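What follows is a short report on a single structure.
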Amino acid sequence: MMGSIFLFSTNTATYLAMYYLPFYFLAVKGFPAIQSGVSFIAMALPQLVGIVVSGALISKLGVYVPVIIIGQIIAAVGAGLLIMLVLAQVRSTVAWAAFLVILGLGPGIGINAPHLAIQAVFDEYVVQSPRLIPNSEGDVSVANGIATFCSQLGESISVSAAGALLTNTLLYEIPHRTMAVNPQKVIHAGPFDLYSLALSSSVLDALRTAYSIAISHIFILATTFVVVSIPFVCGMRWINLNHISKERELAKSENTAKRETESVQETR
């Protein structure tokens with residue numbers, strides 16, 4: 001359950017960043033669509049690296065909870081830097097690229113660990129000290145199904161909730177900064193046609209500021225989900241996967257030897 005809540009929270013935060021970063025690049029930075037997509041690579045590639053690194057660490061150390069915690073701390077730092085990126089209007093390409101690298105690396109480290117834990121805990125035997133008790137055959141499928149459902153639920157809810165937050169913030173901010181443009185037109189135009197609506201540079205600055213504030217609210221929401229997920233990670237089972245694997249293999253060997261002994265006795 002704790003792992004599912006973690007997946008819900010971290011997927012919500014990750015999807016918010018992935019979905020609305022292009023809004024920032026298009027509306028605030030003024031990047032064309034192709035450049036906006038290329039800029040997103042700074043977040044996507046580190047996420048893949050994080051997945052590989054976390055898999056290697058968990059296989060080597062046998063523990064997954066500390067790895068997830070480290071990943072979430074990195075993700076929280078990255079999400080906080082993302083807020084600063086928007087509000088402080090960071091112009092340095094190296095700076096915002098570094099922020100995206102940190103943001104992508106954190107979720108990548110922890111995103112697959114709960115599924116590894118499910119396989120270890122529920123695959124064929126579950127550890128209940130001081131003995132191993134056989135588990136039902138369907139537990140792995142059920143646990144993975146719940147985890148996947150929570151992940152996708154977070155992604156689905158995040159889009160609608162953040163969309164409403166973006167719209168409401170723009171409806172509030174635009175009239176307070178300029179009366180030259182109808183807020184509804186700005187919302188319907190989206191980040192692609194923002195510059196075509198501006199009648200002057202001052203109006204354009206006002207619209208960009210309104211979008212910056214709206215997007216920063218979304219990134220604050222993402223940061224909140226990342227931070228909230230950390231206590232749930234700490235509530236996951238602190239077990240050593242390598243020990244579980246050894247004990248499971250030992251139990252299999254004992255069961256095999258027991259069945260062979262029973263078979264020999266029956267033949268006699």
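The values are calculated or read from the model by the stated rules, or taken from the named source; none is laboratory data. Because the structure is predicted, anything quoted here is derived from the model rather than measured. Ideal geometry is used to build each Cβ from the backbone, glycine not excepted, and the neighbour counts take in all protein chains shown.
Please count how many residues of segment 188-206 are crowded, with 17+ Cβ neighbours inside 10 Å and touching a residue at least 60 places away in the same chain (Cβ under 8 Å). Count: 2.
Cβ separations smaller than 6 Å between residues 6+ apart or across chains give the following pairs from segment 224-241 residues that are closer than 9 Å to Y64 by Cα to residues that are part of a loop (DSSP other than H, G, I, E, B): N240/G62; N240/V63; L241/G62. Residues that are over 23 Å from Q89 (Cα atoms) and over 14 Å from the mean Cα position of the chain (by Cα) within segment 1-44 comprise M1, M2, listed in sequence order.
When E155, E124, E173 are checked against the criterion of being among the charged types (D, E, K, R) and modelled with pLDDT of 85 or more, E173 stands alone in meeting it.
Which of (1) in a helix (DSSP H, G or I); (2) within 22 Å of S36 (Cβ to Cβ) is the odd one out, the single condition P191 does not satisfy? For P191, the failing item is (1). A Cβ distance below 9 Å, combined with a sequence gap of six or more or placement on separate chains, defines the contacts here; from segment 153-180, residues that are part of a loop (DSSP other than H, G, I, E, B) reach residues that are surrounded by fewer than 14 Cβ atoms within 10 Å (Cβ to Cβ) in the pairs T178/S202; T178/D205; A180/L199; A180/S200; A180/S202. Note on segment 2-118: enclosed helices (runs of 4 or more DSSP H) holding 3 or more residues that are closer than 30 Å to V140 by Cα and aliphatic (A, V, I, L, M) are 2-23, 41-61, 65-87.
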